[in-house]
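Please treat every number below as a calculation from the coordinates, not as lab data. Owing to the predicted nature of the structure, the values given are computational and were not obtained by experimental measurement. Note that we place each Cβ from the backbone using ideal geometry, even for glycine, and neighbour counts take in every protein chain shown.
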Amino acid sequence: MAKVHSIIKRLGYEYGALPILRKNNVDQITTQNEKEGEHRDFVQLDPSSTFTFPEIEGPGVISNMWFTIGPYLRKGKIKFLKTLWRAIRYKKLDSLSEVFIKIYFDNETSPSVKAPFGDFFGLNFGKYQHHYSKYIGMTGGGYVCTFPMPFRQKCRIEIENTNPKYSVHNFYGAITYTKLSTFDDNMGYFHARYRKEKTQDGIPYTVIQATGRGHYIGCNLSIINTSRFKQLINRFYLEGDGNIYVDGEETPSLSYTGTEDYFMAGWYYISGKFWAPTHGMTSRGFIFKIIRKAKTCQYRFHFPDAINFQESVKVTINHGEKNQVPTIHQSVAYWYQKEPHSAYFDENENTE
């Protein structure tokens, strides 16, 4: 049995482990490069192109990822001024919805991580909102992720610009990792996958459907109501329950009494936006006014209550009490599992 330091016994692991000295070396890959003999800290993301960071050899674990990104660069005086204004205000960037982060571990051909930039870091609708949770956040113009991401053989991180017309002139990034001497057999691989769906009457929205052994960590979820009229007569989509099914069960192990209840809030987020270490609501449109469609963006991390599964896990969110409110749902699910992962997200990424 491994020795437990006395300071950890007294102060707890998260705080007590800080003074304990370690032997491992920390390293980093970045966007820094040389072009035409000049040093540059950023790269340009051309239309329909992919930037690939230098591959990391394993075994290792990523401990921190930091990025920042600019808006799409549009040519022409008026369009350029609009781009400049967006860059200065830094509140709404269409690049956040069309630039994807993808991470491949070992020799997999289907990425374990794939999501639009804004969605991965906690907010949809192409908006930037300062917030920070225990694992992801947007802080002062930066984008931060501290999920540990272990891998046995190698890791490849790609940034893909899916827009066929416009480029992102400035993209910066730095990924910090630690080399491991061994890789434990019970180590799970980090996953984060995106879905978007125009919901169907009577059918709940699926946040994640995974097979294998692992544990579900949580998600961020963005919802917009597509019908002002039906929103009024059918109350509101937040009436929809959240359900978690483990290992093929027909009755969920966990069932929450409403959408905002699953995200640890209440009364349709009555007090407005907030962000805490494990849950928060980063964006809320007008809920009761007919002139605007209601929309919310929320996140929840199951810490320390990760949902373990031996065979499979499925998480669903109802859109209204009986799945009767028409909406567009989009989400990023976060989880760890033994490889291989299923093809569910590859086959059901966007069903809008």
Mean separation of Cα contacts under 8 Å (at least 6 apart) over the residue count of the stretch 24-187, i.e. the relative contact order in percent, is 43 percent
Quick calc, the chain, dipole around Cα centre from Cβ unit charges on Lys, Arg (+) and Asp, Glu (-), nearest 20 debye, gives 1680 debye
Cα-Cα pairs in the chain separated by more than 35 Å, as a whole percent of all pairs, come to 26 percent
Output ordering of 210-216, 220-226, 36-42, 178-184 (per-residue mean of other Cβ within 10 Å, highest first) is 220-226, 210-216, 178-184, 36-42
The local net charge around Cys219, scoring Lys/Arg +1 and Asp/Glu -1 for residues other than Cys219 whose Cβ lies under 12 Å from its Cβ, equals +2
Filtered pair list for the stretch 24-187 (Lys only, Cα < 13 Å, 8 or more apart or interchain) has a length of 7
Quick calc, Asn308 & Thr351: beta-carbon distance into FRET formula, R0 22 Å, rounding 0.05, result 0.20
Contact order relative to length for the chain, counting C-alpha pairs under 8 Å separated by 6 or more residues, stands in percent at 22 percent
Whole-Å distance linking the alpha carbon centroid of the stretch 14-79 with that of the stretch 198-277 is 33 Å
So, with points 7 Å from each Cα along the Cβ direction, the Leu18-Glu57 label distance in nm works out to 3.5 nm
Dipole check, the chain, charges on Cβ (K,R +1; D,E -1), about Cα centroid: among Tyr104, Ile136, Phe42 the Cα furthest to the positive pole belongs to Phe42
